[in-house]
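Please read the structure below before turning to the comments.
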Amino acid sequence: MRVDENTGLLDEALFLPSPHCEPRVDQDDVDLIVLHGISLPAGKFGGVAIDALFLGILNADGHSSYAELAETKVSAHLLIRRKGSITQYVSFHQQAWHAGQSTYAGRERCNDYSIGIELEGTDTQPYEAAQYKSLLEVILALQACYPKITVDRIKGHEHIAPGRKTDPGPAFDWDYLHQQLEVNLVKE
Ligand SMILES: [Zn+2]
């Protein structure tokens, strides 16, 4: 798996371009990965609602929870589905609108300098092995492109917007991710 440095696209992802994005101030100023959890409707997996939300075409009448959501303009760079398949909505060269009001290590507006990765899931239901496998490959591909993304700069939405956001939640196994990164990172 690799990132095309010209397009900012991941070679193994399905690309569905979202209008919910904007140019980065500095294309090389990317040093944070933000992990999220999402399911639509909440707790249901599969279906097209997440794609529709990020593409700005969610049907407000599709579910009782969609009316408000259909008005919001949000996106992420990537979505990793339960079986590990990957969709990309925004080039890494652009900001995706995933973090909202946020701060990491004293710096605000995390969208400016981060890559947002959604995992299809909920805060309480264990994420799938196939998702960790894809996530690990994605992170390694991103680190090859953006070496400032060190292991300590891979955080959850809950860490950059505490009190406001809870995802990816206690169901996400940070210890396992860190172990896998430790094993797989290229040592110099
Ligand atoms: Zn989130």
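Just so it is clear, none of the values below were taken in a lab; they were calculated from the coordinates. The structure presented is a predicted model; accordingly, all values stated were derived computationally and were not measured. Every residue, glycine as well, gets a Cβ built from its backbone with ideal geometry; the counts of neighbours run over all protein chains shown.
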Can you tell me how much longer the chain between W174 and E5 gets when fully stretched, taken as 0.36 nm per residue apart minus their C-alpha distance, in nm with one decimal? 58.0 nm
What list of ³J(HN,Hα) couplings, whole Hz, do you get for segment 48-58 from phi and the Karplus terms 6.51, -1.76, 1.60, once you set θ to phi - 60° and write x for glycine and proline? 10, 5, 5, 3, 4, 4, 6, 8, x, 10, 5
Lysines with Cα under 18 Å of K44, excluding same-chain neighbours fewer than 8 positions away: K83
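Once the piece of chain linking F45 and T124 is laid out straight, how much longer is it, given 0.36 nm per residue of separation minus the C-alpha distance between them?
Stretched fully, the F45-T124 segment lengthens by 27.1 nm.
What net charge do the residues around E22 carry, taking every other residue with its C-beta under 11 Å from that of E22, with Lys and Arg at +1 and Asp and Glu at -1?
That works out to +1.
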Give the relative contact order (percent, whole number) for the chain; include only Cα pairs under 8 Å separated by 6+ residues. 28
Kindly provide the helix-only [θ] at 222 nm of the chain, computed as the sum of -39,500 (n - 2.57) over DSSP H runs of four or more divided by all residues, to the nearest 500 deg cm²/dmol? -6500 deg cm²/dmol
Given backbone amide H placed at 1.01 Å from N, residues whose amide H is under 5 Å from that of T122, ignoring those fewer than 5 places away on the same chain, are none
Can you give me the long-range amide H partners of F15? Hydrogens built in the peptide plane at 1.01 Å from N, cutoff under 5 Å, separation of 5 or more residues or another chain. Q88
Note down the net charge around Y132, summing +1 for each Lys or Arg and -1 for each Asp or Glu among other residues with Cβ under 15 Å from its Cβ. -3
Per-residue HN-Hα couplings for segment 164-175 [Karplus 6.51, -1.76, 1.60; θ = phi - 60°; Hz; x = Gly/Pro]: 10, 10, 10, 7, x, x, x, 5, 7, 8, 5, 4
Mind pulling the per residue volume of the convex hull built on the Cα atoms of the chain? Å³ is fine. 115
Taking θ as phi - 60°, what are the ³J(HN,Hα) couplings along segment 13-20 by the Karplus curve (6.51, -1.76, 1.60), each to the nearest whole Hz, with x for Gly and Pro? 9, 7, 9, 10, x, 8, x, 8
